[in-house]
Each structure stands twice: as C-alpha cells, then as structure tokens.
Amino acid sequence: MSFVDSLDTLVGEGAVVWGFLAAVGIVLALAPLTAWLAPRIGAVDDPSHTDRPRVHSRPLPRIGGVAIVIGILVPAAVFMRPDGPYLGILVGTGLVALLGLVDDVRRLTPSTKLLGVTAIALIPVLGFDVTFDGVSIPLVGNLDFGPFADPLTIFWIAFLANLVNLIDGMDALAAGIVSIAAFSFAVLAASFGRVDAAALAAITCGATLAFLRHNYHPARIIMGDSGALALGFLLACVAVQGVLKTAASMALVAPLLVVAVPILDTSFVVLKRLKYRRPPWGADQNHFYHRFLRIGFSQRRTAAYLHLWAALLAAWAILVRFVPPRPRGEWNLENSLIIGAVGLVVLAASVWMVYSLEILKARHLRVLGFGRWATREAEREEAVERVLSAGPR
C-alpha cells in the first residue's frame, strides 16, 4: 500500500476520524476539570517540596493523564468496539493509568512502578496474545524468538512505558513526542492493513495533541505518571499490533526510529549515571531538555527542537516503509539512494543535536582526529556532574 493509499485509509475509516475528533473534544473538556481536582486530592507537583530536579518553578496539577486516558479509552470503546487483543491493550492501559495516579497522589518508588507496569503487561501479552514472535532481518532471514517472544514483548512494553515517563520533565515535551509517534504508528499500521491499530494510534494522537492546549509552556497542567506511563504502555502495544507483527523487514527498525529520541535520551542519562557510580534510576539534570535549557534555550524552543528531531526520525522510518531499499527482496538502486540521502540529512541533524548538547565533547572529537577541538578536561566534567546530580534541597 502506498503512502497516499495509507492516508486515504485513515481518512476514510470512521473509527479513525471520529475517534480522533472525540479524543480531542474529551481532553479539551476534561483537562481543566482535572486541574481543578488535583489540589483537592493532593496531586500537585510542587518543586519546592521535592528532592528531584524540576524545570517548572511553580506548583502544577499533575493528573492531566487522567483526562488523556479517558480521552483515549472512551472513543476506543465507542468507535472501535474492542475485543481480542485490543480489549487487553485498553484494560492494561487503564490499569497502568491507575498505578500512575496512585503515584501522582501518594508517590511510589521507581522499582514499585516498574514492577507494577511489568505485571500489568502480562495481561495483554499472556491473556490476549499481544506479542511479536520474530523479525525479518535483511541478508539474514527470519529470526524466530520462540520461547523468548513473550518475555521480549513484556520487556518492550515496560521499557517504552518508562521511557515516556522519563522524558516527561518539561512542558509539552512528552505530549508532543507521543503525538508524533502515534501519528507515525497510525500511518504505518494503515499501510499494513491493520485498521484497528491505526485507529487506536490516531485516537492517541488526538488526545495528546489536545492536551498540548493546556500543557504548552507556560503549562497549566502536566500529565504526571498517570499519563506518561499509560501512554508509553499504549504506544508499545500499538507498535506490536500495528507494525512488529508484520513480516516486513523494516518492522523492527521503524518503531525504534519513531521512538529514537526518548531511547537516546534515556540511554545517555543511564550511561552517565553508571559512569559516575550513581544509581541508574536516580535523578539528575542530564536529560536532553536540561542541556538545552543550560545552553540558553527557552522551554518552547527546547520542545520545538526535540519535537523536530523526533519528527525527522519518524519521517525517515515512514520513508523506509514506502520507499524500501529492497522491494520484494531485491535491491533497488534508486530507492537505496533516496533512503541513504535522507538518512544523511537525519544523521547530520542528529550529530548537530548531540554536539550542541555537549554530548559529543571535544575529547571525543580529538579521538576522531580533531585535536584542535580538545578544550575540555575530565576534572571539569566530573565537577559539573557533582553539581548536576540531584540531592535533597
């Protein structure tokens, strides 16, 4: 199916269009109500009463995720009439949202949340067969996961749920990245003829886009764990049903590209913590958005740059789907050149990002042969890390 045909499928499918519009309307209506409710149940994020670093400087209601999840579950129930795997996905999403809501109100430890999300992931995976059994790798062939299929799927779901939760630290960032990912999964799922997955992705896109109305800087409400964990959980399941279950050779690459920004962000932060012998689940100010803010970017500009980066990577993933370098298993020179040229542009943009954020440091360039850029010292870097590490205030 071509790109145009995929868009026609999305526009022509009632569950997609009406589900998207219903999600927008519900979230726009419920977000102010959850903002009103939050201080009455103790669900306010106050940066002056926490030992974790916060970007915002004033107390904010932190249960916007309740509006988002209701804005997804209700249209999905009405327009999709879910059964089979999609019933398991929606039940799991609701339970993860409840787990996040408990954390938003009473605070849970990171390990408790991780175990909770992992346990809930058993529902769609073991109870409703939301799993991917293998992948097709070019020049290698089909790789069957066999008995590891269920554990790998559970890991993927828990992993992505926590990725979205970790990037939810600045106004509009997580909601924007999730909306980009959801739109991308909607197009990809439609191209594979998986209309239900496309509809659920479109509904998710509508809910998160609507939430940006209240979450864009200066935010009036944040989604909290009730939204971030549930959205990551839902995206992971949609990726499995809409893309990873297909036999296409790009089925594994596309989802990784679509969520590459949160993957890169979390990987960098965790490696940084391990390097300085800090717990990988601890808090600090080394996320991409922290680094943008430190070099003088505003919150709006930071969100725009990270959204643009995510959109470029997602667009490349979609291009690989519709302009495959190996259509029908045979290499196509023209398609390969197009994919390669666009890939170079995306790679150049990514290198600029990591250099601007000082992830690619001068000493790294020296190793690559650019000695004149070697201006940083290890002692200075360690001193900065000590300052940026979170601790009680």
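No value in this document is a laboratory result; all are computed from the given coordinates. None of these values were measured; they are calculated from a predicted model. Quick reminder, even Gly has a Cβ in these numbers, built from the backbone with ideal geometry, and neighbours come from all protein chains shown.
Separation of the range 336-355 and the range 157-179, taken as the distance between their Cα centroids, equals 24 angstrom. Eigen-decomposition of the gyration tensor built on the alpha-carbon atoms of the chain gives equivalent ellipsoid semi-axes of 31, 29, 19 angstrom, largest listed first. Classify the range 7-106 as rounded, prolate or oblate, taking a ≥ b ≥ c as the square roots of the eigenvalues of its Cα gyration tensor: rounded when a/c is under 1.5, otherwise prolate if a/b is larger than b/c and oblate if not. In terms of gyration-tensor shape, prolate. Using a cutoff of 8 angstrom between alpha carbon atoms and counting only pairs six or more residues apart, the relative contact order for the range 3-258 works out to 31 percent.
For the range 229-268, what does the alpha-carbon gyration tensor say about shape, rounded, prolate or oblate, given a ≥ b ≥ c as the root eigenvalues, a/c under 1.5 as rounded, and a/b over b/c as prolate? Oblate, since a/c reaches 1.5 and b/c is not below a/b.
Here the range 3-258 is assigned +1 on the Cβ of each Lys and Arg and -1 on the Cβ of each Asp and Glu. Its dipole about the Cα centre then comes out at about 740 debye. Report D for the range 102-196 in µm² per second (integer): Stokes-Einstein, Kirkwood Rh on Cα pairs, 10 °C, 1.306 mPa s. Translational D for this selection: 101 µm²/s. Going by neighbour counts of Cβ atoms within 10 Å, the residues HIS56, HIS214 line up, fewest first, as HIS56, HIS214.
For the chain, what is the calculated [θ] at 222 nm in deg cm²/dmol (nearest 500), taking -39500 (n - 2.57) for each run of four or more DSSP H residues and dividing by its residue count? Here the helix-only value at 222 nm equals -21000 deg cm²/dmol. Here the extension length gained between LEU126 and LEU7 equals 39.6 nm, from 0.36 nm per residue of separation less the Cα-Cα distance. When you filter the trypsin sites (Lys or Arg not before Pro) in the range 173-277 for DSSP loop state and at most 14 other Cβ atoms inside 10 Å of their Cβ, you are left with ARG277. In terms of other Cβ atoms within 10 Å, PHE288, PHE185 run from fewest to most in the order PHE288, PHE185. For the range 199-255, the square roots of the Cα gyration tensor eigenvalues, ordered a ≥ b ≥ c, give a/c of at least 1.5 with a/b greater than b/c, which places it in the prolate category. Sorting 93-99, 175-181 by average packing, meaning the other beta carbons within 10 Å per residue, from highest down gives 175-181, 93-99. Using a Förster distance of 25 Å, how high is the FRET efficiency between LEU37 and ALA119, based on the Cβ-Cβ distance and rounded to 0.05? That pair, LEU37 with ALA119, gives E of 0.35. Distance between the pseudo-spin-label points of LEU308 and ILE295 (7 Å out from Cα toward the beta carbon): 1.3 nm.
The residue list ALA189, LEU200, VAL44 was ranked by how far each Cα lies along the charge dipole of the range 3-258 toward its positive end, using unit charges on Cβ atoms, and VAL44 comes out on top. Evaluate the Debye formula for the range 96-155 with equal point scatterers sitting on the alpha carbons, no solvent, and hand back log10 of I(q)/I(0) at q = 0.29, 0.31 Å⁻¹, in q order, two decimals. Log-scaled intensity ratios, in q order: -1.11, -1.17. For the range 15-31 and the range 259-277, what is the separation of their Cα centres, given in Å? First find each Cα centre; the distance between them is then 34 Å. When Rg and Dmax are taken over the Cα atoms of the range 180-308, they come to 16.5, 47 Å. Ranked by the mean number of other Cβ atoms within 10 Å of their residues, highest first, the peptides 156-164, 5-13 come out as 156-164, 5-13.
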